[in-house]
1. Can you put 15, 226 in order of Cβ neighbours within 10 angstrom, beginning with the fewest?
2. Mind checking the alpha-carbon convex hull of region 348-417 and giving the volume per residue in Å³?
3. Under 5 Å between amide hydrogens, which residues at least 5 positions from residue 74 or on another chain qualify, with H placed 1.01 Å from N in the peptide plane?
4. Below 8 Å between Cα atoms, with a sequence gap of 6+, how large is the relative contact order for the chain in percent?
5. Which Cα, out of 142, 230, 241, lies furthest along the positive dipole direction of region 136-251 (beta carbon charges, K/R +1, D/E -1)?
6. Summing -39500 (n - 2.57) over the DSSP H runs of n ≥ 4 in the chain and dividing by its residue number, what mean residue ellipticity at 222 nm do you reach, to the nearest 500 deg cm²/dmol?
7. Just want the ordering: 167, 420, from fewest to most Cβ atoms lying within 10 Å of their own Cβ.
8. Could you tell me what percent of the DSSP beta bridges with both partners in region 307-451 are antiparallel, to the nearest 5?
Amino acid sequence: ADGAHVPALVIGTGYGGSVAALRLAQAGVDVHMIEMGMAWDTPSSDGKIFCNTLQPDNRSYWLRTRTKAPLNYFLGFPIDRDITRYTGVLDAEEFSGITVYQGRGVGGGSLVNGGMAVTPKRENFAAILPSVNPAEMYDTYYPRANSGLGVGTVDPAWFDSTDCYQYARVGRKHAQRSGFPFTFVPDVYDWDYMKQEAAGTVTKSALAGEILYGNNYGKKSLQKTYLARAAATGRVTVSPLHRVASVVPASGGAYTVTIEQLNTSGDTTATKTVTADRVFFAAGSVGTSKLLVRLKATGALPNLNGEIGKGWGDNGNVMCGRANHLWDPTGSLQSSIPCSGIDNWAAGGAFAEIAPLPTGIETFASFYLSITKNPNRAQFTWNAATGKVELNWQTAWKQPAIDMAKTIFDKINAKEGTIYRTDLFGLYKIWGDHLTYHPLGGAVLNKATDNYGRLTAYPGLYVIDGALIPGNTSVNPFVTITALAERNIEKIIATDL
Ligand code: FAD
């Protein structure tokens, strides 16, 4: 409530924020979480909380009047459609050189993501978080994160027999025939539920193409894991449709946090202030970076150091499709939850997830989201003239990612006698190189913060989300974000409270 004093305020309810809230509450601290998106706990008139990927309505996008699907063409035709402006679940945030997709709502990215829960190979960890001791991560915090998130792996025997993973088996066959290692990828989707979907005994979600705008069943989003446990402590309150606008030092070492209440059209309906002894920035890589860059530049938190806004990367994301032969169909029924990948990280700098194209019809396409070792890093800066934070990423900076992805797919195409699809991202456009699902960095650990996420110029301010990670995790990022948050909050609780 307006004027309240809270011991701990958490900005954002994604992975970092949920870990912070749970562990602080378990340590006896009352926590108030502020989330700009909706609660996503109430069905609409169609009986569903989330809308289907194939039928996007107002629930799909954050404050847009037209959808902006990542895969925006099919057979060369644009597939976006008009929608009513609403505080929908997926934000396609446009910067000059890249569109950054993010979840909006209680649960953050866990509401919209594919649930792929991948722990990086230990040999790659030093390049991911150079200042963090790998032993503590692999012995303690990765296992803690995997257990807290409810990570599991597809039953390989079922994988081999079910119609809904024919596309992944085709992907495996092509990878292996070209000599690439194929790996199963763990996921937080409830695999038993998916088997029941395939058997026709429960309401379908993954097998009905639900994913990008939320899964109504089956996926263990943060609402079902960390946030449910946090709520059960009785110490955590969440304010959805509230956006943090400012954090400034108050007397006695506390902070005054200004919060805007939003309606579902995105208008500010009220402005409130809360005093907080501690503030955890968990608004995601982009959200936290935008806040900190603006607060530093506008004099609210002038002593934040010069690393704020730097070290942002796209996790090397790039998408592509391959056109298969007519004798190699990928299936009209495709589980929207990916469960496998092609690992060419060591040799070619690419880890490609074998992704679905759940259109409901046979597409004869294999589709991939590659995570690559793209070395390019961008910076967020404050533009006083426009009053906006900008990101200087340039379209051409995706070229190393494309080159790395080609180490896999040029070889597969040569072996199979196939070609790239040119109809999925425009007419005659092969690469989905205009976007990322995996924003990372902007308030990098041990640079913008100390080695535990403390903004040391301001005791009591912390960063605890993907902004800490310097641009790349070699695999899908949320397990690493969660594990790092577990590590940092344990230290903060032990030494700062
Ligand atoms: P987030 O989860 O982004 O949470 C930040 C929260 O803060 C959001 O809810 C946001 O609304 C809120 N917020 C922002 N600004 C403010 C503010 N000023 N005031 C109040 N609240 C604010 N990763 C994987 O590991 N595996 C996958 O399979 C995968 N698939 C993905 C698919 C898609 C379509 C997308 C978009 C992402 C995917 N990701 C995946 C990435 C993953 O979801 C993110 O890396 C992760 O959610 C980041 O966690 P976070 O805690 O840093 O922030």
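1. Working: 15 33, 226 29.
Ascending Cβ contact count within 10 Å gives the list 226, 15.
2. Working: hull volume 9.0 nm³, N = 70.
With only Cα atoms used, region 348-417 gives 128 Å³ per residue.
3. 79
4. Details: 1252 pairs, mean separation 115.0, N = 497.
Answer for the chain is 23 percent.
5. Looking along the dipole axis, the top candidate is 241.
6. Values: 11 runs with 113 residues, N = 497.
Taken over the chain, the calculation gives -6500 deg cm²/dmol.
7. Details: 167 28, 420 16.
Fewest-to-most Cβ neighbours within 10 Å comes out as 420, 167.
8. Numbers: 25 of 26 bridges.
Roughly 95 percent of the DSSP beta bridges within region 307-451 come out antiparallel.
Taken together, the values in this text are just the output of simple stated rules run on the coordinates, not laboratory data. Being a predicted model, the structure only gives us computed values, none of them experimental. Backbone-built Cβ (ideal geometry, glycine too); neighbour counts: all protein chains shown.
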